[in-house]
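Remarks on the structure that follows.
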Amino acid sequence: MHVPVVIVGAGPSGSLLAWILRQRGIENVVLEARSREYVEGRIRAGVMEQNAVDLMIRAGVGDRLQKECMKHAGVIVGINNQHHFIDFEKLIGIGVTVYGQSEVTKDILAALDKAGHDVVYEAPVQTIENHNGDRAKVTYIQDGIEKEISADFVVGADGYHGPCRKSIPADALKTHEKTYPLGWLGVMVKAAPSANVALFAHHDRGFALLSMRSPEISRLYLQCAADENLDEWSDERVWEELDTRMGTSGWTLERGEIFQKDVTPLRSFFCESMQYGRMFLAGDAAHIVPPTGAKGLNSAFADISVLSAGLIQHFTKDDSSILDSYSGIAVERNIQTQRFSWSNTSKYHVFPGTNSFDRRMQRAELEYLVRDETAQISYAKQHTGLPFAHWPEL
Ligand code: RFL
Ligand code: PHB
């Protein structure tokens, strides 16, 4: 079997690309290792940049998002129990949108399903070969049987652990990585959000974040160790720690039933380039950021905007100029996103072993931010996201 484009992974990157290409009549097959329920149930991102929202809307999968999303004008910065609102809308005329990644994925997978698109679930890709030949070859397992498919292009949208990036020879790939001695303990809570925007709280005991998924569901995080043992965190201990790190006088953190707890170790990673012959990498397959900047899903959609524009131009106009520049554009944008995520992580967290001078300077960075309008404009621009270099013609 041969198709123009094989997409590995049906996460947000792979599913959105499949849908956009389909809209322009470009045949593609999506191979996904896990079940649809598993992919839809993964609780991850919550904050979307306006460009990511616009891409969903332009692609025709943004109706429910527009109805159910929550618009945030800015963020609250907490510094040792003092809250300061930074109003992005007032500063630069643009805010951020809260809509769960699981809802994003559900909306796109439902659209693909309704259109009868070829998304093969529970079909883990095993190998990608012949990247530099006239056709790339992909093997995968379906119902216990190994199958093969060839393609003009393969898109590795298979996340950090997937096989696509690993199929690139080591001497053709440069990787950059930082692991932090930190994790995030996340809880999903049946309680109304205690603020109308996210609260990023720096405290001597560590960072804490209040976010949300809907008017009834809050999402909260606590800085913890990268290998934190969840068994040591009773619900009561979680609430007490959240109160300690983000409480302030005259403000109450709403409590409710905790219905999920998880730990995410913090990591920064990116590779250069994001193309090897007929294979392109997109999203977490090429870059991971610590969640402090809320950039993972947004960077993935920035990649998909340029890659889909390039593939559409290639197949409909016989012009490969955007496709040829994809890797350079995507890596360059991603490095700036990495910088923001790393600097935001450094600003808010308490790092083990930091001396008193460095701790005080760290706090002074946040104090400068909440006092200085120029610093706030810069922060707002970075939070709300860089432009997308190309948009698909839809
Ligand atoms: P995904 O979502 O990892 O999807 C990859 C898909 O590939 C499949 N796969 C394979 N398929 C076939 N064959 C194989 N051999 C395969 N191996 C893997 C996987 O099953 C999976 O379905 O990558 P994608 O699509 O690039 O999407 C990236 C985003 O998921 C990620 O960047 C964000 O969730 C990051 N993130 C956030 N991003 C934001 O923009 N805003 C946020 O507020 C935000 N908060 C977060 C986050 C990530 C978090 N965690 C848990 C990592 C908060 C957290 C806690
Ligand atoms: C979330 O809502 O899950 C969220 C919000 C902001 C972040 C990371 C995660 O920086």
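Computed from the coordinates by the stated procedures, all read-outs in this text should not be read as laboratory data. None of these values were measured; they are calculated from a predicted model. Glycine gets a Cβ as well: all are built from the backbone with ideal geometry, and neighbour counts include every protein chain shown.
On full extension of the chain, what length is gained from Lys166 through Asp231, given 0.36 nm per residue of separation minus the C-alpha to C-alpha distance?
On the way: separation 65, 0.36 × 65 = 23.40 nm, distance 3.40 nm.
Gain in length upon complete extension: 20.0 nm.
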Item checked: Label point distance in nm, Phe357-Arg267, each placed 7 Å from Cα along Cα→Cβ -> 3.4 nm
Check: Residue-wise, which Karplus ³J(HN,Hα) couplings in Hz belong to the stretch 381-394, taking 6.51 cos²θ - 1.76 cosθ + 1.60, θ = phi - 60°, and x for glycine or proline?
Finding: 5, 6, 5, 7, x, 6, x, 8, 5, 9, 10, x, 7, 10
Notebook entry, point to check: Per-residue ellipticity at 222 nm for the chain, helices alone: DSSP H runs ≥ 4 residues times -39500 (n - 2.57), over residue total, nearest 500 deg cm²/dmol?
Noted result: -11500 deg cm²/dmol
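Take each of the peptides 33-46, 303-316, 373-386, 7-20, average the number of other beta-carbon atoms within 10 Å over its residues, and list them starting from the highest. Display every interim value, and only then the final one.
Working: 33-46: 16.5, 303-316: 23.9, 373-386: 18.1, 7-20: 28.9.
Highest mean packing first, the order is 7-20, 303-316, 373-386, 33-46.
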Margin query: Given contacts defined as C-alpha pairs under 8 Å and at least six residues apart, what's the relative contact order of the chain, whole-number percent?
Written below: 20 percent
Next item on the list: Starting from the Cα of Thr248, move 7 Å in the Cα-to-Cβ direction to define the label point; list residues of the stretch 65-79 whose amide nitrogen is under 11 Å from there.
Entry: 76-79
Notebook entry, point to check: Suppose R0 equals 25 Å; then what is the FRET efficiency for Glu27 and Arg64 from their Cβ-Cβ distance, rounded to the nearest 0.05?
Noted result: 0.40
Note to self: Could you work out how much longer the chain between Ala73 and Glu240 gets when fully extended? Use 0.36 nm per residue separation minus the Cα distance between them, nm to one decimal.
What the structure shows: 57.3 nm
Next item on the list: Output ³J(HN,Hα) for the stretch 370-377: one whole-Hz value per residue in order, computed from phi by the Karplus curve 6.51 cos²θ - 1.76 cosθ + 1.60 with θ = phi - 60°, and x for Gly and Pro.
Entry: 6, 9, 10, 5, 5, 4, 5, 5
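Net charge within 14 Å of Ser356 by Cβ-Cβ distance, Lys/Arg positive one each and Asp/Glu negative one each, not counting Ser356 itself?
So the environment of Ser356 carries a net charge of +1.
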Notebook entry, point to check: At what distance in nm do the modelled label points of Lys381 and Arg42 sit from each other, each positioned 7 Å from its Cα along Cα→Cβ?
Noted result: 3.3 nm
Next item on the list: Please report how far the C-alpha centroid of the stretch 305-350 lies from that of the stretch 232-264, rounded to the nearest whole angstrom.
Entry: 36 Å
Next item on the list: Give me the distance in nm between label points sitting 7 Å out from Cα along the Cα-to-Cβ direction at Ser343 and Ser325, one decimal.
Entry: 2.5 nm
Notebook entry, point to check: How big is Rg to Rh over the chain, alpha-carbon atoms, Rh as the Kirkwood inverse-mean-distance radius?
Noted result: 0.98
Notebook entry, point to check: When the Debye formula is applied to the Cα atoms of the stretch 1-76, each taken as the same point scatterer, what base-10 log of I(q)/I(0) results at q = 0.24, 0.25 Å⁻¹?
Noted result: -1.24, -1.28
Next item on the list: Could you pull the Rg and Dmax for the stretch 182-242, using just the Cα atoms, both in Å?
Entry: 11.5, 32
Note to self: Can you find, among Gln260, Trp342, Leu323, the residue sitting farthest towards the positive end of the charge dipole of the stretch 233-387, where Lys and Arg contribute +1 and Asp and Glu -1 at Cβ?
What the structure shows: Trp342
